[in-house]
Amino acid sequence: MAEDTSSPMDRFCGSTFWNATQTWWTNDPDFTPCFEQTALVWTPCAFYWVFVIFDFYYLKASLDRNIPWNKLNVTKALVNLGLLVITALDLIMALIKKGGDSELPLYDLDVWGPIIKFATFLLVFIFIPLNRKYGVQTTGCQFIFWFLLTVLSIPRCRTEVRLESERQKILDSQQPSEQDFSWEEYQFVSFFIFFTFTSIMLILNCFADGLPRQTKYQRGENEIPELSASFLSRITYQWFDKMALKGYRNPLEEKDLWDLRPQDSCSEVMPIFAHHWNQNVRKNYKNKARVEPKAQFSNGNVTFENPHGEKNGRKKGMASIMPPIYKSFGGVFLFGALMKLFTDTLTFAQPQVLSLIISFVEAKEAEPEWKGIMYSVLLFVLAAAQTFILGQYFHRMFIVGLRIRTALINAIYRKALRISNSTKKESTVGEIVNLMAVDAQRFMELTTYLNMIWSAPLQIGLALYFLWQQLGPSVLAGLAVMIILIPVNGVIASRIKTYQIRQMKYKDERVKLMNEVLSGIKVLKLYAWEPSFEKQVLDIRDKEIATLRSTAYLNAGTSFLWSCAPFLVSLVTFATYVLIDENNVLDATKTFVSLSLFNILRFPLTMLPMLITNLVQTQVSVNRINKFLNSEELDPNSVLHDSSKPHPMSIENGEFSWGDEITLRNINIEVKKSSLVALVGTVGSGKSSVVQAFLGEMEKLAGVVNTVGKLAYVPQQAWIQNATVRDNILFGQTYDRKRYNKVIDACALRADIDILSAGDLTEIGEKGINLSGGQKQRISLARAVYSDADLYLLDDPLSAVDAHVGKHIFEEVIGPKGILARKSRVLVTHGVTFLPQVDSIYVLKMGEISESGTFDQLVKNKGAFADFIIQHLQEGNEEEEELNQIKRQISSTGDVPELLGTVEKAIKLARTESLSDSISVTSADSLMGGGGSLRRRAKRQDSHDSVASAASLKKKQEVEGKLIETEKSQTGGVEFAVYKHYIKSVGIFLSVATLVLNFVFQAFQIGSNLWLTKWANDEKVANDTGLRDMYLGVYGAFGFGQGVLAYFAVVIVYLGGFQAAKTIHNELLAVIIRGSVCRFFDITPIGRLLNSFSGDMDVVDEELPATMDSFMTFIFMVLATIVVISLSTPIFLAVIVPIAFLYYFAQRFYVATSRQLMRLESVSRSPIYSHFSETVTGASTIRAYNVGDRFIEESDAKVDKNQVCKYPSVIANRWLAIRLEMVGNLIILFASLFAVLGGQTNPGLVGLSVSYALQVTQTLNWLVRMSSDIETNIVSVERIKEYGETKQEAPWELEQDKNKPKNWPQEGRVEFQNFQVRYREGLDLVLRGVSFNIQGGEKVGIVGRTGAGKSSLTLALFRIIEAAGGRISIDGVDIASMGLHMLRSRLTIIPQDPVLFSGSLRINLDPFEIKTDDEIWKALELSHLKSFVKSLAAGLNHEISEGGENLSVGQRQLVCLARALLRKTKVLVLDEATAAVDLETDDLIQKTIRTEFKECTVLTIAHRLNTILDSDKVIVLDKGQITEFASPTELLDNPKSAFYSMAKDANLV
């Protein structure tokens, strides 16, 4: 070879660098040695030097340290050393053998080649100990480096072997040759050693290193294999196989799941987010230059700053969650974006290869066959690379999404613990939970698509560039069409947004209403008000569906535009192309390369509008979350903790408000150390508000509040968690048996705990549903006592308990000799009895302190306090000995004759009254399901003495104590019945129409493409314009047909989906509202039902129709692809079978696992929300005890647990995608190989089949995704369908009811005949054969100890619990023979706990709107509410907030009385609600009932004697049987009667 070769590379090597004839224009291709030794070696090296930065990043980011030396890394190090040695040797040998004296010239290559290799190997070598030290178990860059190096060395192997054999020939030819081959021989040997070593390194890099010794987080048995999986296993997700297999064999359960990756847990994600959030908040204040340290993790509490700022900080707009999200999670996101960029470029290489294949087929004879094969393989390699990179990209994006969701949920949770009352007023619990459930979730769904914002325009740009190359300027015509379509789409999108917001609003309203209906279901049933509320829900629902429908038409519009778009574009482009110039003829290459480019265009164009709507929704969510996170918080500095003040608790000149007008003014209170201070006053005078002021819950307008020491707080309405009794009392403290038992006895809980089925390990339902009011109150008190604080705020803890229990608690706990005697306590109370023992008393009136002092001072003052006492005594509610005490106290103060007189009178009265429940510890046995469990009396010795029995009991207790049934997560496949149910709900016609339309649509599409093929192959078109126009016209017609069909196909799917959603919701609502109270509501938590109404319904409303739509499209597309490929290369059908088999296999494995993971995930999601709504309700208690951090930790744990289920399902997606796409890539490979090798000579058909094959990967992938989405989403239908099997109560209306007179019952005779009843199947009888007869108009009192069955009697009368035997008749009609509404609407009850619903006052009194205003005002007047309602601006239309929060408890009770007065039926049941009402109100109620219900039969469940002593008869119940039934006087005359002994217990006789 002549030495004066032209290119610098040739001089560098001393030989030719590139020789086209040797490499390309030949039947036996090969590279030149120079090319093999430079380009093919340096490419991998260059790659490694560029990407080594990632290796450094992984070192920095690793949470682990110190991997021990093991076989693997030692071998790696040795082999690497070997490579270094051999490379160094190459250099030395070159310097020895060449140059200088030797006749072989020394080229640059001989020096630089080894040096470059040596440097690279050295770099790789350095990383071996580094990775070991920093606990990095596998690295991708090195794997790819070794992989490239090995693969690219293969051509040189071939060359070297050939040269060697040639040398051998020369040596064997026996001619004495002068040539010295020693250098070549050396190169031969050195290369093969080098090649062996690189291959070994490649194999070694397929495995991951050992486990690190030091880890930041404890690694459990159940650690996720991903952490120690090798790079290869990571990109193929092979580490997930175990789980997929396990899930396929039998349904996964929670114990099968892996632990969370530490990087995704709250404890790693939160500090980062909090740090950036706080920075962002600070930026918003110009004048606040506070610099705070980075949010650190000190035992797990992250502090979030309050963006609402102090009152004086000028605010510069809202702090948004977006910047902190970018900063916290942007890194991973950017790395993902890089990958996306890479795959986008690969996508465009495919059409280029396609054009090579088509031209190869056209020139079949001229070209050597290896080129065709190479093109096919190249196509496959491109597709495979794309698959792996996209897999990683989506994985990264999902992780970012999960982390954002974690961060947001936690931020919302932490905020909810601190919002002020005015904020709380603005949003209901339901709305705040929605922020977590819906809005935070939105983010997660968005992250995957977010990169499309730049990727879509990029793809469109590249596609247009390549199209220009094919078709020249006529592309612009196509582009114009696209541009015109975009604004049209924008308009539609903005319309969709308005509908979206409207629909969200309706959904919020509906869920809020459902929440109330479910919370107050018992009251609704007692009043027979369900139809009214059902109608309200359905009205909202109809509006919601109407909104959804409008959205569907718009959606179909977009879908029409987009299915038409690519077609229109290609039509316009082709038309312009052939019409501009006679010489422009469409041939196969142009047509199909353009078509496949148009297909690439289709994806970004479809995604953009989806992305835009998604962005819009997320924007709405961001605004909602921002508004919440920026809302006002409680001022932590409103209460000072200044220990220099003389008294532990004090308020000086306090003025407070609940956010609007001033509630308390001129408050001056001081509580001395270890003293007991009482606050008294009438209902609504501001007693509770004072307590809230001490807690810092109210807005302080002026003055100073000071508390020193640990607080404990007992709210007026006890807040009970859904946990065991013991957990409720311990409230996060450690269990100290002695102290615990002492507290329980003092709070009179021992008897209750013994009655409960599993003792103190009995689980309490949500909101304490299976406890009576008194029990809840005492548990709440026990919690406070056990917490052993310094300061106690007791907001009327004695109201809900019977008098003697109250006395016991006062003596044992609150009073001067109680457990709390050494603490400082503030007691709000209605009882007069305890006041003499109090250190000082503050009397409140209209939000001011009217007087204060000791009992004696106040009595002498003859002011408001004396009136208060006189008024109380006149009602005669106190027991005799207590009155004597008061009398002694008053007379000792001397000089108060009128008071003494009153006391004397009261004592006389008390002698004749008093029939407390004697030993009863609670007011009525709980009406709830507890009623049943309370009665499974575990007769056993006191477990707190015998430890031996305790262990054996524990098992039994845990089983018995479960009240709430665990939420079922179905296992196994979704039954066909569920699909059938759904299709039935859609309707047969719509279902069939969907299939037909989609089929015809695809037929049109294939038709238009085949027509194009015919056109492209037609030689005559070139010179016959008429023929050309005919082709064009038919093509256009096909396209138009496609568009119209697309529109209708979508509309029909959506309409069908909404039809189903409507049916399903209405069925669910009907079933739930007719559910039986004891057999269903008592054992199903409200959160779970709400989850069905919000979460599951949301899926049925929005997700399912959309998924169904996509599913139909894709399944027909896959079929179309198979048809087209088989048309062009029939042999392809042979491959389709094994491929389909592979595909089916992957899909089955995946669906089984994924579906179960989804189910587990949705079950683990409910606790996050229930815990959250529980927290929001009990926020003030949590703050008072200062246990916010513990609750935050609990919430974090629940979020983490949810992630544990969520993460594998994300991986399952990737696992599947990679496997499926590889199947798709095989289809590409075979389609193109057969096209090249098979006898197909028609380039048009080849082009068509390959361009269809190129789409198939995406389509297959989406198909499985959609089919599994349908399976996962249909689970919602399954869950809702399960409620269809809810235990129903008897029918509401029966035909024969219509014959009953309008005013039945006319007399009101009530008769029980041998009546038996139980709460649920399998529980004991509560009433065992009760018989009595009450004449019309009689007043009957029912008494008995706790658990005797008093409430069960009234519930049976209303058929809330159905008879197990015997019968009840009213006016001689068996109540079991009539519809429930007929029965319930003709009875009236004043229930124990007043339940109000949000809505106007009017709706609360008369939901069916059948009464006139006058009647309502009359009822209000009689129930003493008239003046109050008159004072309201809106009068009867006054909005009552959720649960009646904006009325005092007493006022709520009066509203219930007004309801009863409006109904005014012949039979009235009065379940005495002595609890929350002060004596004044109670007195009003009694008076009204005596006068207004004179004519009626009144059944009173009594807790106090005076209410029933003037009744006609008394029923004494014991253990579910009547022991006595006679008039009170008769019973008191008989010393043997139980009634008498009760009276005796109460010091009456």
Helix-only CD estimate at 222 nm, as mean residue ellipticity for the chain, using -39500 (n - 2.57) per DSSP H run (n ≥ 4): -20000 deg cm²/dmol
Area projected by the alpha carbon convex hull of the stretch 741-886, averaged over all directions, nm²: 10.1
Solvent-accessible area per residue, Å², over the stretch 415-545 with all protein chains present [probe radius 1.4 Å]: 36
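Say the cut-off is 25 Å between C-alpha atoms; which of Lys1513/Lys1536; Lys512/Lys1302; Lys507/Lys627; Lys535/Lys1494 go over it?
Beyond 25 Å: Lys512/Lys1302; Lys535/Lys1494.
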Contour minus Cα-Cα distance for Asn1023 and Asp30 (0.36 nm per residue): 353.0 nm
Under 25 Å, Cα to Cα: Lys pairs in the stretch 668-756, sequence gap 8 or more or different chains: 12
Label-point separation, Leu245 to Leu1133 (7 Å along Cα→Cβ), nm: 3.7
DSSP bridge pairs, the chain: antiparallel proportion in percent, nearest 5: 55
Two-site label geometry, Gln469 and Asn626: point separation in nm, points 7 Å out along Cα→Cβ: 4.4
Area of Glu426 that stays accessible when all protein chains are in place (1.4 Å probe, Å², to 10): 130
Most to least accessible of Lys425, Lys71 (protein chains only, probe 1.4 Å): Lys71, Lys425
FRET efficiency, 1/(1 + (r/R0)^6) with R0 60 Å, evaluated for Phe51 and Phe999 via beta carbons: 0.75
Average accessible area per residue (Å²) across the stretch 1375-1445 - probe 1.4 Å, nucleic acids and ligands excluded: 41
Cross-link table Lys216/Lys283; Lys984/Lys1206; Lys76/Lys1201; Lys497/Lys1198; Lys425/Lys505, entries beyond 28 Å C-alpha to C-alpha: Lys216/Lys283; Lys984/Lys1206; Lys76/Lys1201; Lys497/Lys1198
Tilt relative to the chain, helix 266-283 - C-alpha long axis, 0 to 90 degrees, to 10: 80
15 Å Cα-Cα reach of Lys1062 towards aspartates and glutamates, excluding residues that sit fewer than 8 places from it in its own chain: Glu534, Asp539, Asp542, Glu544, Asp1096, Asp1098, Asp1101, Glu1102, Glu1103
As computed over the stretch 1-123, the Cα convex hull volume per residue (Å³): 166
Additional length obtainable on full extension of the chain from Asp635 to Leu1142, 0.36 nm per residue less Cα span: 176.2 nm
Values of log10 I(q)/I(0), in the order q = 0.15 Å⁻¹, for the stretch 1409-1456 under a Debye, Cα-only, solvent-free model: -0.39
Modelled FRET efficiency - R0 45 Å, Ala1290 with Lys255, Cβ distances, 0.05 increments: 0.60
Cα gyration tensor category, rounded, prolate or oblate, for the stretch 1332-1475 with a/c compared to 1.5: prolate
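Just flag the trypsin sites (Lys or Arg not before Pro) in the stretch 139-220 sitting in loop per DSSP whose Cβ has no more than 12 other Cβ atoms within 10 Å.
In loop regions of the stretch 139-220 (DSSP not H, G, I, E or B), the sparsely surrounded trypsin sites (Lys or Arg not before Pro) are Arg213.
Starting from the coordinates of the alpha-carbon atoms of the stretch 403-496, obtain the Kirkwood hydrodynamic radius over all distinct pairs and give the value in Å to one decimal.
17.5
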Long-range HN-HN contacts of Lys1287 with modeled amide H, under 5 Å: Ser1076
Cα-based Rg of the stretch 969-1112 normalised by 2.2 N^0.38 Å, two decimals: 1.66
Where no second cysteine Cβ lies under 4.7 Å, the cysteines concerned in the chain: Cys45, Cys141, Cys157, Cys206, Cys266, Cys564, Cys747, Cys1078, Cys1205, Cys1456, Cys1496
Euclidean distance of C-alpha centroids, the stretch 471-502 and the stretch 1019-1058, integer Å: 20
In degrees, nearest ten, helix 530-580 long axis to first principal axis of the chain (Cα): 10
The stretch 83-221 shape via C-alpha gyration tensor axes, a/c threshold 1.5: prolate
0 to 90° range, to nearest 10: angle between helix 1025-1073 axis and the chain longest Cα axis: 20
Size descriptor, Kirkwood hydrodynamic radius, that averages inverse alpha-carbon separations across the stretch 1058-1112, Å: 12.4
Reciprocal of mean inverse Cα separation for the stretch 1274-1373 (Kirkwood radius, Å): 16.1
Accessible-area value, Thr75, 1.4 Å probe, nucleic acids and ligands omitted, Å²: 50
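Can you work out the FRET efficiency for the pair Val616 and Lys980, with r the C-beta to C-beta distance and R0 = 45 Å, to the nearest 0.05?
Numbers: r = 36 Å, r/R0 = 0.81.
E between Val616 and Lys980, to the nearest 0.05, is 0.80.
Is the stretch 363-457 best put as rounded, prolate or oblate by its Cα gyration tensor, with a ≥ b ≥ c the root eigenvalues, rounded for a/c under 1.5, and otherwise prolate when a/b is larger than b/c, oblate when not?
prolate
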For q = 0.08 Å⁻¹, Debye-computed log10 I/I(0) when each Cα of the chain counts as one equal scatterer: -1.12
Distance between modelled label sites at Glu1480 and Val491, nm, 7 Å Cα→Cβ extension: 6.6
Evaluated at q = 0.16 Å⁻¹: base-10 log I(q)/I(0), Debye formula over Cα of the stretch 566-661: -0.88
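Contour minus end-to-end for Leu1010 and Ala1364, with contour as 0.36 nm per residue of separation and end-to-end as the Cα-Cα distance? Provide the component values of the computation, followed by the final result.
On the way: separation 354, 0.36 × 354 = 127.44 nm, distance 7.48 nm.
Length difference between fully extended and current span is 120.0 nm.
The values are calculated or read from the model by the stated rules, or taken from the named source; none is laboratory data. Being a predicted model, the structure only gives us computed values, none of them experimental. Note that we place each Cβ from the backbone using ideal geometry, even for glycine, and neighbour counts take in every protein chain shown. We work out accessible area using only protein heavy atoms, side chains counted, and drop any ligands, DNA or RNA first. Shrake-Rupley method; radii C 1.70, N 1.55, O 1.52, S 1.80 Å.
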